[in-house]
Amino acid sequence: QVQLVESGGGLVQPGGSLRLSCAASGSIRAINAMGWYRQAPEKARDLVATITTGGTINYADSVKGRFTISRDNAKNTVYLQMNSLKPEDTAIYYCKLNQGWANYWGQGTQVTVSS
């Protein structure tokens with residue numbers, strides 16, 4: 001089993017920044033990709049950004065130019081640097097890890113952008 005622990009969420013004013021972290025532990029063998037998804041109230045969970053072990057990155061159009069995903073393979077940790085935050089970025093942010101045929105999710109961390 002794989003455990004994911006997220007941190008770094010909180011309340012920030014519009015235009016501010018936050019950095020999310022997600023550390024993986026447990027039965028880690030060969031990670032394919034890690035990433036971030038978000039879910040706003042009464043909406044579906046959507047992709048924010050993903051990064052493969054080889055470094056291929058994919059962003060949602062809504063966050064391109066503002067968010068940066070990075071990964072420390074040695075620490076099995078993925079980060080999401082979020083700049084120029086907007087109220088519409090408010091959501092619960094979930095970390096996801098893909099290993100083989102399995103997907104694992106973190107418990108989520110709340111990000112609220114409000115003045």
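The values are calculated or read from the model by the stated rules, or taken from the named source; none is laboratory data. A quick note: this is a predicted structure, and the numbers were derived from the prediction, not measured. Positions of Cβ are generated from backbone atoms using ideal geometry, with glycine treated the same way; all protein chains shown enter the neighbour counts. These accessible areas exclude ligands, DNA and RNA; they are computed on the full protein's heavy atoms, side chains included. Shrake-Rupley method; radii C 1.70, N 1.55, O 1.52, S 1.80 Å.
Here are some notes:
- Across all Cα pairs in the stretch 1-77, the calculated P(r) in 5 Å bins from zero up to the longest distance comes to 3, 12, 22, 25, 21, 10, 5, 1 percent per bin.
- Options G10, N58, A74, ranked by Cα towards positive dipole end of the chain, top entry (Cβ charges): A74
- Quarter of the Cα convex hull surface for the stretch 39-110, i.e. its orientation-mean projected area (nm²): 5.5 nm²
- Peptides ranked, highest mean first, by Cβ atoms within 10 Å: ranges 93-99, 1-7, 37-43: 93-99, 1-7, 37-43
- Percent carbon-and-sulfur accessible area, the chain, ignoring ligands, DNA and RNA, probe 1.4 Å: 48 percent
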